[in-house]
Amino acid sequence: MTNKARTFALLLVASTTLAACGKKEVENVPPVADNTTYGNTGDTVTPSGNAIIPGSQEDFLQSVGSMGDRIFFDTDRFNIDTADQATLQTQAQWLARYPNARVTVEGHADERGTRDYNLALGERRANAAKNYLASLGVDASRIQTVSYGKERPQALGSNEEAWAQNRRAVTVVIR
Amino acid sequence: MKPNRSLIGFLLSILGLITLAPIAAAQETAPPADDEPELVEFDTAKVRRIAVPALVAPNPADTAAGNSSTLGRQIAEVISANLRNSGLFEPQGPAGIRPITIEEVTAPQYDYWKGRNVEQLVEGFVRVGGDGNLTVGCYLYDVNFGQELTRMGFVVPPREWRRAAHKCADAIYSKLTGELPFFDSRIAYIAETGPKGKRVKRLAIMDSDGANHRFITNGQSTALTPRFSPNYKSILYLSYQDGNPRIYVYDIDSGRQRLITASANPTFAPRWSPDGQTILYSMAVAGNTDIYKISVNGGAPVKLTSAPGIDVGGSFSPDGRQIVFESDRGGSQQIYVMNADGSNQRRISHGGGRYATPEWSPRGDLIAYTRIAGDFRVGVMRPDGSGERLLTDSWQDEAPTWAPNGRVIQFFRTERNTGKTSVWQVDLTGRNERKLPTPVDGSDPAWGPVLP
C-alpha cells in the first residue's frame, strides 16, 4: 500500500461520512483500502459481522449501500437529478424506519471555485438534498445542513473525475 | 552638524509603546523635474538605482534587539529589500558597499556615489537613547543633483526596529514614485499545513514583508477568510469552531472572540467598512445566500440583497458609499455594484467567463477580482467595469487584497493536484510578481492599512 493510499484510508477512518467505498474508482484517486485497513476502529462497516446498532450511521451506510449516502452535482449546479432522487429515496426509506434518527447533510464543492462562493454553493447543495428528503416525508427538523465549500475534498486529484466526486451532498447520521 | 542631537529634540512619546512619529519634517525642497510624482502607472522601465549603505551607529550599544551597529545594518537590509521587492528600485547595499561615517549622513560624498552609478542615496543613523529606545534617522539624497530630497526620523523600542525601516522605505518610495506608502502595514492570512484531503488551516498574522509572523489559532477548527480591522485591533474571520461556518470577531489584545451575529444560519465572507464601524457579511438561509451589514457594536442586521441565487462577498468603496459584490443571479458569478444601502444594484463585469472576489482599491480607482475562464487569474477593472486587465497567469490565482496605497496586490496561488497554496504579490503592471515568505503554506491574505 502506498503512503498516499494509507493517508486516504486514514482519512476514511477519520471521517464519519464514509465507510465502504469500493466502486467508481477514478484515475488519480488512490485505491480505496480494503476493510481490514480500517476495520479495527469498530466504527465502520465490516463483513466480519461486528454488531451494528440499528439506526446508527453504520446501519445507515449498510442499508443505503456503497455511495448511497451521497448525491453528485454538475459544475455550479445544485439540481436533484433522477439518479439523485433514487439515492435520496433510499435514504428516506431508512429514515422512515428510524424516526428518531437525525442527520446532517454536508454540502461540498470542487476546488475550481472561489472560497466564499463555494461555501454558498455547498450550502445550496445541502439544502437541495434536504428539501428533497423533506418532500419524501422526512420531517425537515430532523435534517441539519452544513457547507464545507471546497475545504474537504473526497478525491484528491485536480481533474474532471475528481471534481465530479467532490461536488456532492453527503448524508450523515448524527450520533 | 550633530544629527543625533538635533533629531533627539523632536522625540515624541505616544502610549509608551511605539513612538513612531516623524522627528523632522521633510525639507520642502522642490525635487528635480524628473522626480515629480508623475507616475500614473508603474513604469518598470524606470527602475531607480539607489544605494543603501548600513545605517551608522555613532556610539554602538547593546539593546534588547541586539547591538545598535548590527541594527543599523539590518535596518538598511530591510529598506533595501522593501525597495527591491516593489519592483521599482535596484538597490545596492548594504552588503557589498562601503560603510559610511556619521559625518557623511548629513554631508554625502556625491562624487563617490556618482562613481557607483547610483541615482539616489539613503543614509542614516541609529542611536540608543537613555531610555533604551532607538532613534533612527533616515536621509534621501539625489546623487546627480547633489541635493537632499527628504529626511525622516523615528523613535522606536528596539523590538520595533523593523517598523523604523519600513517607515524609512515608505518615505523613500513615496518621494521617488509619487505614490502613497505601503510597507509599514500588516497582513492577516490563513496558514495551511497537512495533506490536501485534511488541510489544517490556522489564522495567522505577519508584517507586509512576512516578518513578525504569529499564529493566532491552533488549527483545531478550520479558519478561513480573515480581515484585519482598519485599526488593527481585531480580525474578522470564519471559523468552524462550533462545527458550522460562522463569522467571529477576534480581539488581538485579549485573545477573545465573539460571533458577529446570533443566527442558526451559516455566516461567511466577512468584510469591514473603511471606518471600521460596519461589518459586511454573507448569510445563507434555506440555501439562498444574501449580503447583510451590521454595526460592529451589534444590533439588527440589514439585508442588502434579495435576488434568488448567491450574492456573496462584497467590498466597500473607500468613501463607504458603495459596495462591490459578487452574484450569480444572472446565471454565473459576476461583479455587481450597489449603494451602501443596497439600492441601485447593477452588473459591471461583461468580459466573458466568471468573475469573483471583487475588492475595491483603497484609492477608489480600481476593483481587483478573480477571473475564472479555465484558469483562475487576478485582474483589475475600473468601478464602471471598463479597462479590464489581467495581472497574473497561473492555474489558480485567487482572492486579491490591496496594499494600502492601491498599487500592489496580494493573492493566493493553489498548485494543481497537490493543493499546496502560497501567498503572492504583484504590482499593477503585472510584471513584478513574487512569492511571500511564509513559514508554511498560505492562503486568503488580507492587507491592512498603513500603521499610524
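The values are calculated or read from the model by the stated rules, or taken from the named source; none is laboratory data. Given the structure is predicted, the values throughout are model-derived calculations rather than measurements. Glycine gets a Cβ as well: all are built from the backbone with ideal geometry, and neighbour counts include every protein chain shown.
So the values come out like this:
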{"item": "Residue list for the stretch B:355-382, restricted to those being among the basic types (Lys, Arg), surrounded by fewer than 22 Cβ atoms within 10 Å (Cβ to Cβ) and closer than 17 Å to residue B:398 by Cβ", "result": "none"}
{"item": "The stretch A:51-74: number of residues that are over 13 Å from the mean Cα position of the chain (by Cα), loosely packed, with under 13 Cβ neighbours inside 10 Å and farther than 21 Å from residue A:139 by Cβ", "result": "3"}
{"item": "Subset of the stretch B:340-367 [closer than 23 Å to residue B:247 by Cβ and not β-branched (Val, Ile, Thr)]", "result": "B:340, B:341, B:342, B:345, B:356, B:358, B:359, B:360, B:362"}
{"item": "Where residue B:318 falls short, out of the listed (1) closer than 27 Å to residue B:183 by Cα; (2) without any contact (Cβ under 8 Å) to a residue 40 or more places away in the chain; (3) away from chain A (no Cβ under 11 Å)", "result": "(2)"}
{"item": "Yes/no for residue B:159 being closer than 25 Å to residue B:251 by Cβ and free of Cβ contacts under 8 Å to residues at least 60 places away in the same chain", "result": "no"}
{"item": "Close pairs (8 angstrom Cβ cut-off, 6 or more residues apart or separate chains): in contact (Cβ under 8 Å) with a residue 60 or more places away in the chain in the stretch B:376-398, among the polar types (S, T, N, Q) and crowded, with 17+ Cβ neighbours inside 10 Å anywhere", "result": "B:383/B:317; B:383/B:322"}
{"item": "Flag if residue B:261 is more than 25 Å from the chain's Cα centre (by Cα) and within 21 Å of residue B:226 (Cβ to Cβ)", "result": "yes"}
{"item": "Residues satisfying the stated conditions in the stretch B:53-70, i.e. more than 21 Å from residue B:108 (Cβ to Cβ) and either in contact with a Leu (Cβ under 9 Å, 6 or more places away or on another chain) or buried (at least 24 other Cβ atoms within 10 Å of the Cβ) (or both)", "result": "B:63, B:65, B:68"}
{"item": "Top-ranked residue in the stretch B:321-344 [being buried (at least 17 other Cβ atoms within 10 Å of the Cβ), assigned to a loop (DSSP other than H, G, I, E, B) and out of contact with any Asp or Glu (no Cβ under 9 Å at 6 or more places or on another chain); ranked as farthest from the other protein chains (Cβ to nearest Cβ)]", "result": "B:340"}
{"item": "One residue from B:93, B:124, B:130 being under 29 Å from residue B:65 (Cβ atoms), surrounded by 15 or more Cβ atoms within 10 Å (Cβ to Cβ), modelled with pLDDT under 95 and not β-branched (Val, Ile, Thr)", "result": "B:93"}
{"item": "Test: residue in the stretch B:94-109 that is under 14 Å from residue B:172 (Cβ atoms), in the same structural domain as residue B:62 (by TED's automatic domain parsing) and not in a loop (DSSP other than H, G, I, E, B)", "result": "no"}
{"item": "Output for the stretch B:183-193, where each listed residue is touching a Pro at 6+ places or on another chain (Cβ under 8 Å) and away from chain A (no Cβ under 14 Å)", "result": "B:185, B:187, B:188, B:191"}
{"item": "Residue list for the stretch B:97-117, filter: touching a Phe, Trp or Tyr at 6+ places or on another chain (Cβ under 6 Å) and exposed (fewer than 15 other Cβ atoms within 10 Å of the Cβ)", "result": "none"}
{"item": "Some residue of the stretch B:367-389 being in a loop (DSSP other than H, G, I, E, B), under 20 Å from residue A:115 (Cβ atoms), touching a Lys or Arg at 6+ places or on another chain (Cβ under 7 Å) and within 13 Å of chain A (Cβ to nearest Cβ)", "result": "no"}
{"item": "Members of the stretch A:89-133 that are more than 10 Å from chain B (Cβ to nearest Cβ), buried (at least 21 other Cβ atoms within 10 Å of the Cβ) and either at positive phi or in contact (Cβ under 8 Å) with a residue 60 or more places away in the chain (or both)", "result": "A:91, A:103, A:105, A:106, A:108"}
{"item": "Residue list for the stretch B:220-249, restricted to those being assigned to a strand (DSSP E or B), away from chain A (no Cβ under 14 Å) and under 21 Å from the mean Cα position of the chain (by Cα)", "result": "B:228, B:234, B:235, B:249"}
{"item": "Single match in B:196, B:175, B:201 (criterion: within 14 Å of chain A (Cβ to nearest Cβ), touching a residue at least 24 places away in the same chain (Cβ under 8 Å) and either under 21 Å from residue B:404 (Cβ atoms) or out of contact with any Asp or Glu (no Cβ under 6 Å at 6 or more places or on another chain) (or both))", "result": "B:196"}
{"item": "Among the residues listed as B:394, B:349, the single one being closer than 30 Å to residue B:170 by Cβ, within 14 Å of chain A (Cβ to nearest Cβ), outside any strand (DSSP E or B) and not aromatic (Phe, Trp, Tyr)", "result": "B:394"}
{"item": "Elements of type strands (runs of 3 or more DSSP E) in the stretch B:250-293, at least 2 residues being within 14 Å of chain A (Cβ to nearest Cβ) and crowded, with 23+ Cβ neighbours inside 10 Å", "result": "B:267-272, B:278-285"}
{"item": "Residues of the stretch A:135-160 satisfying the condition of being part of a helix (DSSP H, G or I), away from chain B (no Cβ under 11 Å) and over 26 Å from residue A:112 (Cα atoms)", "result": "A:135, A:141, A:142"}
{"item": "All positions within the stretch B:116-134 that are over 19 Å from residue B:148 (Cα atoms) and part of a loop (DSSP other than H, G, I, E, B)", "result": "B:129, B:130, B:131, B:132, B:133"}
